[in-house]
Amino acid sequence: MRAVTAVRDAAVLYARAGDVNIAYQVLGSGSIDLVYVPGMLNVIEATAEEPALERHLERMATFARMVMFDKRGTGLSDRVSAEEMADPESRLADLVAVMDAAELSEAALFATADGAIPAILFAAEHPERVTALVIVEGTARYLAADGYPEGFSHDPVAPLGAWNQRWGNEVDPIAVEVLAPSVADDPRWRRVLGRMQRRSGTPRAAFTFWRTFAGTDVRDALAGVRAPTLVMHAPGDRMIPVAQARALARDIPGARFVELDGADHFHWFTNGERVAAETQELLTGRRGGGAGARRLCTVVFTDIVASTSRLSEVGDVRWRDLLTSHERIVRVQLLRYGGREVNFLGDGVLALFEDPQAALECAAELTGAVRELGLEIRVGVHTGVVEVREADVAGMSIHIAARVMSAAGPSEVLVTRTVRDVMLGLDAELEPRGSHSLKGVPDPLELFALKRG
């Protein structure tokens, strides 16, 4: 994949939708134009706070020139009344204004959640401007109706009083249990979600927005969609049931449905790479970023320091509990930073990353997170070619990362010179640790330690 400008470095521009200023960004420079039509909580400033979302967007921008925007009333766009913010026609006007400002005569649309509503309307009303339509975790109608048993018989969302108490709460934000169950217990994610909610409007505005969405029905527009369409949805999504997505795909002529994994409504935690690859295939006819027989990647090895003595200290039962908590923390951070868990070996994990900076950020986060359990880990990181063998990996790069990890001290992240070299110009402070002769490695290696924050 080619390098792209980081989301956080992309300029914020403004389009005019009538009297309303709509903030937008352009990411990537590909020949294919892709407009991200946001859901209720998608705001530009949130992307730099959540690595899983930022990585997903940057992956999308490797094959397309992607335009993202904050719908009116949210994020960096002008504030409007709650009723205007939720109005489907206003959301459609935002999309038109952004496409015009970005000088897009036509584009593919990538819509998430309630963003499917304006995307479907635009695709049906302006077929000459839509080259393809991708809908992720979306629906054409939320509530049940005659001939539509897939909808909810009543709106299951909590009353306004609950929104007033939990909307934007960084300890217990509303809907945290259903938006991303895979990371729902992570305090850091809860803080990010709370801030996402506050940037998306006040509790009353958000409640009004939701009620308007829940009462909207665009099923009549589905037959008018002529663009190639891809609908993707996780089977366990409790926010918008998968049956609604299947009905959506059924009623759009020629649409293809792809069932994702898990239960996350926010697809970028569990399904970010899959969604990007499927979208890329629809738009370009090929997939990228997948695993081949040999891959260049960054290998991360971790191990719990002094695990035997810690076991003797706390006993078998408590040690099993600590290991379970340790594995949960590791898996949450791998999800966040895009690491692929290969397997747990002894008291540590072997993981692969496409992005070396994400690997170092994940390693730093892990060393701090496990200290809350009274544990310390050592981490070794190396970038090189690995051999992919179905569910396992092999090669000298794996061996080197394991030996580098063994040379690290408690709560230390050691990396090879190769990692240091590919990180030049990126945001990482690495301190020299000299040359080391490592068992099974033919030549001495220069090692560097990630400076602790």
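The values are calculated or read from the model by the stated rules, or taken from the named source; none is laboratory data. Computed from a predicted model, the values in this text were never measured in an experiment. Cβ atoms come from the backbone with ideal geometry, glycine included; neighbour counts cover every protein chain shown. Ligands, DNA and RNA are excluded from the accessible area calculation, which covers all protein heavy atoms including side chains. Shrake-Rupley method; radii C 1.70, N 1.55, O 1.52, S 1.80 Å.
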Worksheet item: Within the range 48-58, restricting attention to residues that are open to solvent by less than 10 Å² (accessible area, probe 1.4 Å) and either in a helix (DSSP H, G or I) or β-branched (Val, Ile, Thr) (or both), which residue is farthest from Ala364 (Cα to Cα)?
Response: Leu57
Item to complete: State the number of residues belonging to the range 160-186 that are within 17 Å of the chain's Cα centre (by Cα) and of a type outside the set (D, E, K, R).
Response: 8
Worksheet entry | Top-ranked residue of the range 217-260 - restricted to ones that are open to solvent by 60 Å² or more (accessible area, probe 1.4 Å) and part of a strand (DSSP E or B), ranked as nearest to Phe110 (Cα to Cα) | Arg256
Discussion item. Tell me the residue from Thr324, Thr308, Thr284, Thr270 that is among the hydroxyl-bearing types (Ser, Thr, Tyr) and either under 20 Å from the mean Cα position of the chain (by Cα) or buried (at least 22 other Cβ atoms within 10 Å of the Cβ) (or both), please.
Written reply: Thr270
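Give the residues of the range 343-373 that are in a strand (DSSP E or B), surrounded by fewer than 19 Cβ atoms within 10 Å (Cβ to Cβ) and not aromatic (Phe, Trp, Tyr), sorted by residue number.
Within the range 343-373, the first condition is being in a strand (DSSP E or B), and the residues that meet it are 343-345, 348-353.
With surrounded by fewer than 19 Cβ atoms within 10 Å (Cβ to Cβ) added as a condition, the list becomes 343-345.
Asn343, Leu345 - these are the residues of the range 343-373 that are in a strand (DSSP E or B), surrounded by fewer than 19 Cβ atoms within 10 Å (Cβ to Cβ) and not aromatic (Phe, Trp, Tyr).
Check whether at least one residue in the range 147-157 is open to solvent by less than 30 Å² (accessible area, probe 1.4 Å) and within 24 Å of the chain's Cα centre (by Cα), and report yes or no.
Initial filter on the range 147-157 (open to solvent by less than 30 Å² (accessible area, probe 1.4 Å)): 148, 151.
Filter again for within 24 Å of the chain's Cα centre (by Cα), leaving none.
Scanning the range 147-157, I find no residue that is open to solvent by less than 30 Å² (accessible area, probe 1.4 Å) and within 24 Å of the chain's Cα centre (by Cα), so the answer is no.
Quick one: which residue in Arg420, Arg433, Arg452, Arg403 is open to solvent by 70 Å² or more (accessible area, probe 1.4 Å) and assigned to a helix (DSSP H, G or I)?
On the way: Arg420 fails: open to solvent by 70 Å² or more (accessible area, probe 1.4 Å); Arg433 fails: assigned to a helix (DSSP H, G or I); Arg452 fails: assigned to a helix (DSSP H, G or I).
After ruling out the rest, the residue left standing is Arg403.
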Worksheet item: Given the residues Val26, Val43, Val67, which is the only one that is in contact with a helix residue (DSSP H, G or I) (Cβ under 9 Å, 6 or more places away or on another chain), over 21 Å from Arg336 (Cα atoms) and in contact (Cβ under 8 Å) with a residue 40 or more places away in the chain?
Response: Val67
Worksheet item: Does Ala15 qualify as being open to solvent by less than 40 Å² (accessible area, probe 1.4 Å), part of a helix (DSSP H, G or I) and either small (Gly, Ala, Ser) or at pLDDT 95 or above (or both)?
Response: no
